[in-house]
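Here's the structure, in structure tokens; my notes come after.
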Amino acid sequence: MRWQAELARLCVDPIFLRGGEPRGDGRPVVLVPGFGGGDWTLQHLAFWLGRSGYDAARCNFIVNAGCAEKALARVERRVIECSERSGRRVAVLGHSRGGYLARAAAARMPDRVSHVVALGAGLSRQLDVSAPALAAVALARAVHRNGGCLTEQCGCGVTAAYTCPFPADVRLTSIYTRGDGMVRWESCLADYADNVEVTGSHVGLAWNRKCYRAIAAALAQPERLREGSSKLESDSASRS
């Protein structure tokens, strides 16, 4: 229940009231909720991103608790839509399970994704979580009754995308807290990511004022050149 205090502190913090710094450049940011959550869990973040100069886009999740392959397909459709509408690569920000879906989407579509920000997401193991979280996953697995679905042995494309080498031309920032309580914080660390530690709870990362400051810094990082692209192309995209 710590998230309630984190939400209260966020709502009176200048970063939420005025927007983040540095200001955004209008880049679309696709938001992916955590396991068992829906778009509503990221509504404060979406509002703040809009106020900070970004174009926040939701994926229309009511409850993100089903088949990971179907969930990733939903995220990818939104990424393609936002990329084609804006004419540029987009950022994907995911909380918990949404973070590893964001990582998988970037691995499969590096030509459309420039930045990934993962909040409390296991990057070394999908299910390196506490006993209550494992119990919730087991319940969802029993409801779906789909073989290895919602396990680390699932043979779907999500597992392959999640475990493959991460593309060098996509920036990945992993924001984590040692007081997580749900995901084991050590699994949030990756040598190919910018690992940023904040204090707070797992659920509260969606409303954590320190997390918002880290998100603003992560999204402001310049886009990395894609293989075969020119500096002129990159500079033109950053000005658009």
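Structure notes:
- Some residue of segment 58-78 being β-branched (Val, Ile, Thr) and touching a residue at least 40 places away in the same chain (Cβ under 8 Å): yes
- Residues that are open to solvent by 60 Å² or more (accessible area, probe 1.4 Å) and in contact (Cβ under 8 Å) with a residue 24 or more places away in the chain, drawn from segment 187-213: 189, 192, 194, 203, 209, 213
- Put simply, of 58, 78, 51, 74 the only residue that is open to solvent by 10 Å² or more (accessible area, probe 1.4 Å), closer than 17 Å to residue 114 by Cβ and at pLDDT 95 or above is 78.
- Residues of segment 82-104 that are crowded, with 20+ Cβ neighbours inside 10 Å, without any contact (Cβ under 8 Å) to a residue 60 or more places away in the chain and in contact with a strand residue (DSSP E or B) (Cβ under 6 Å, 6 or more places away or on another chain): 82 alone.
- Filter pass, residue 122 being in contact with a Cys (Cβ under 9 Å, 6 or more places away or on another chain), in a helix (DSSP H, G or I) and within 27 Å of residue 178 (Cα to Cα): no
- Filtered residues of segment 162-178 (kept if surrounded by 13 or more Cβ atoms within 10 Å (Cβ to Cβ) and either among the small types (Gly, Ala, Ser) or assigned to a helix (DSSP H, G or I) (or both)): 162, 163, 174
- Odd one out for residue 40, checked against (1) under 19 Å from the mean Cα position of the chain (by Cα); (2) crowded, with 19+ Cβ neighbours inside 10 Å: (2)
The values are calculated or read from the model by the stated rules, or taken from the named source; none is laboratory data. Bear in mind the structure is a predicted one, so any value in this text is a computation, not a measurement. Reconstructed Cβ throughout: ideal geometry from the backbone, glycine too, with neighbour counts over all protein chains shown. Note: accessible area is taken over every heavy atom of the protein model, side chains too, but ligands, DNA and RNA are not part of it. Shrake-Rupley method; radii C 1.70, N 1.55, O 1.52, S 1.80 Å.
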